[in-house]
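*Asks:* Below is the structure I would like to discuss, written out as structure tokens.
The values are calculated or read from the model by the stated rules, or taken from the named source; none is laboratory data. The shown structure was predicted, so the numbers you read here are calculated from the model rather than taken from an experiment. Methodologically, a virtual Cβ is constructed for each residue, glycine included, from the backbone with ideal geometry; neighbour enumeration extends over all protein chains shown.
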Amino acid sequence: MRSTTPEVMFMTASPASRNTDAGRASETATATRSTMNSVAPVRAEAFKVACSNCNLRELCLPVGLSDPDLERLDTLVAKRRSVTRGDALFRAGDSFQSLYAVRTGFFKTCVSSEDGRDQVTGFQMAGELLGLDGISHDRHNCDAIALEDSQVCVIPFGQLEELSRDFTPLQHQFHKIMSREIVRDHGMMLLLGSMRAEERLAAFLLNLTQRLQARGFSASSLILRMTREEIGSYLGLKLETVSRTFSKFQDDGLLEVKQRHIRILDEAGLRQLISSTAC
């Protein structure tokens with residue numbers, strides 16, 4: 001998905017001509033250094049993109065808002081934050097201050113067991129919220145780790161609550177997001193409680209492609225941002241089981257698998273695997 005983020009263009013001096021004497025080259029280099037040193041540092045605010053101009057507005061915001069309402073929402077997003085692959089947006093125990101709307105990139109959330117093992121609890125992509133876990137006790141109870149270089153919009157929760165009191169559509173949208181999380185938890189309980197390995201992986205892939213399709217990506221071709229081990233942790237399966245199931249799907253003509261590149265060849269076949277379990 002293309003971001004609407006303004007691009008910062010850095011102008012670089014062209015190489016000195018072979019015929020330029022050493023003194024002139026030295027002056028050029030000095031002038032270049034002086035110019036670079038005089039450039040003001042770029043602040044996070046300079047990269048802010050208004051909600052009203054964001055490509056993901058239909059995923060994050062209530063539909064059909066007027067321009068004045070969108071302007072009110074623009075004041076809610078304080079800044080954007082970049083997170084490098086492998087770094088944490090927040091960790092369990094951190095003080096809860098804000099929600100984070102994923103603008104670009106991919107995240108996983110995970111919790112640590114008493115014996116030190118990490119359990120993956122979800123994968124979040126562009127247009128989805130992170131940080132809801134911190135609302136109940138004012139502290140986060142999971143880690144949010146970037147699976148690739150990512151960017152999030154920072155939404156101070158106190159301001160969100162204040163604006164929601166006077167802005168009914170925003171309050172309704174937030175309730176819908178909370179409800180969606182509950183529905184997702186119910187689906188996860190069904191997946192872990194009654195599905196076989198093939199059904200779990202089929203349901204996971206179909207859910208992933210549906211979410212990606214809603215963001216303008218292909219419904220049949222995707223690149224997995226997570227490892228097979230992380231998929232196994234999320235689905236309650238061992239790494240060997242995940243790899244074996246991918247191979248079985250490929251042998252059965254359901255998928256074409258090339259490392260992390262997945263192409264769905266028979267969507268109906270995948271749906272048939274889980275149709276007997278769906279409620």
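*Asks:* Return yes when Q159 is part of a helix (DSSP H, G or I) and either among the acidic types (D, E) or modelled with pLDDT under 85 (or both) and no when it is not.
*Replies:* No; evaluated as a whole, the condition is false for this residue.
*Asks:* Could you say which residue among G158, G216, G253 is over 27 Å from D118 (Cα atoms) and touching a Gly at 6+ places or on another chain (Cβ under 9 Å)?
*Replies:* G253
*Asks:* Looking at T245, is it buried (at least 18 other Cβ atoms within 10 Å of the Cβ), polar (S, T, N, Q), within 24 Å of the chain's Cα centre (by Cα) and not assigned by TED's automatic domain parsing to the domain that holds T121?
*Replies:* Spelling it out, it is not the case that T245 is buried (at least 18 other Cβ atoms within 10 Å of the Cβ), polar (S, T, N, Q), within 24 Å of the chain's Cα centre (by Cα) and not assigned by TED's automatic domain parsing to the domain that holds T121.
*Asks:* Of everything in region 216-242 that's over 16 Å from the mean Cα position of the chain (by Cα) and polar (S, T, N, Q), which residue is surrounded by the fewest Cβ atoms within 10 Å (Cβ to Cβ)?
*Replies:* S218
*Asks:* So is A144 hydrophobic (A, V, I, L, M, F, W, C), in contact with a strand residue (DSSP E or B) (Cβ under 6 Å, 6 or more places away or on another chain) and either in contact (Cβ under 8 Å) with a residue 12 or more places away in the chain or outside the structural domain of E267 (by TED's automatic domain parsing) (or both) or not?
*Replies:* Answer is yes for this residue.
*Asks:* Then there's this: Just to be sure before I move on: is R103 touching a strand residue (DSSP E or B) at 6+ places or on another chain (Cβ under 8 Å) and closer than 21 Å to K176 by Cα in the structure I sent?
*Replies:* The answer is yes for R103.
*Asks:* Continuing with this model, one more query. Of all residues in region 121-140, how many are in contact with a Phe, Trp or Tyr (Cβ under 6 Å, 6 or more places away or on another chain) and surrounded by 18 or more Cβ atoms within 10 Å (Cβ to Cβ)?
*Replies:* Final tally of qualifying residues: 6.
*Asks:* Could you grab me the full set of residues in region 141-150 that are under 26 Å from D74 (Cα atoms), crowded, with 19+ Cβ neighbours inside 10 Å and of a type outside the set (A, V, I, L, M)?
*Replies:* S150
*Asks:* Only one of (1) exposed (fewer than 15 other Cβ atoms within 10 Å of the Cβ); (2) within 28 Å of D87 (Cβ to Cβ) is not met by H175, so which one is it?
*Replies:* Only one criterion in (1) exposed (fewer than 15 other Cβ atoms within 10 Å of the Cβ); (2) within 28 Å of D87 (Cβ to Cβ) is unmet by H175, namely (2).
*Asks:* Identify all residues within region 83-97 that are buried (at least 17 other Cβ atoms within 10 Å of the Cβ) and within 18 Å of the chain's Cα centre (by Cα); write none if there are none.
*Replies:* Correct list: V83, L89, F90.
*Asks:* Every residue in region 248-262 that is within 26 Å of the chain's Cα centre (by Cα) and surrounded by fewer than 13 Cβ atoms within 10 Å (Cβ to Cβ), please.
*Replies:* Listed by number, the residues that qualify are K258, Q259, R260, H261.
*Asks:* Test A101 against the stated conditions and say whether it is touching a Ser or Thr at 6+ places or on another chain (Cβ under 7 Å), in contact (Cβ under 8 Å) with a residue 12 or more places away in the chain, buried (at least 16 other Cβ atoms within 10 Å of the Cβ) and not in a loop (DSSP other than H, G, I, E, B).
*Replies:* Spelling it out, it is not the case that A101 is touching a Ser or Thr at 6+ places or on another chain (Cβ under 7 Å), in contact (Cβ under 8 Å) with a residue 12 or more places away in the chain, buried (at least 16 other Cβ atoms within 10 Å of the Cβ) and not in a loop (DSSP other than H, G, I, E, B).
*Asks:* Report every pair of residues separated by at least 6 positions or lying on different chains whose Cβ atoms are under 7 Å apart, first residue within region 163-191 and within 28 Å of D69 (Cβ to Cβ), second part of a helix (DSSP H, G or I) and of a type in the set (G, A, S).
*Replies:* Close Cβ pairs (under 7 Å, with a partner that is part of a helix (DSSP H, G or I) and of a type in the set (G, A, S)) amount to L170/S164; Q171/S164; F174/S164.
*Asks:* For region 44-82, which residues satisfy the criterion of being under 20 Å from the mean Cα position of the chain (by Cα), surrounded by 17 or more Cβ atoms within 10 Å (Cβ to Cβ), over 22 Å from D149 (Cα atoms) and at pLDDT below 75?
*Replies:* Those that are under 20 Å from the mean Cα position of the chain (by Cα), surrounded by 17 or more Cβ atoms within 10 Å (Cβ to Cβ), over 22 Å from D149 (Cα atoms) and at pLDDT below 75: L61, P62.
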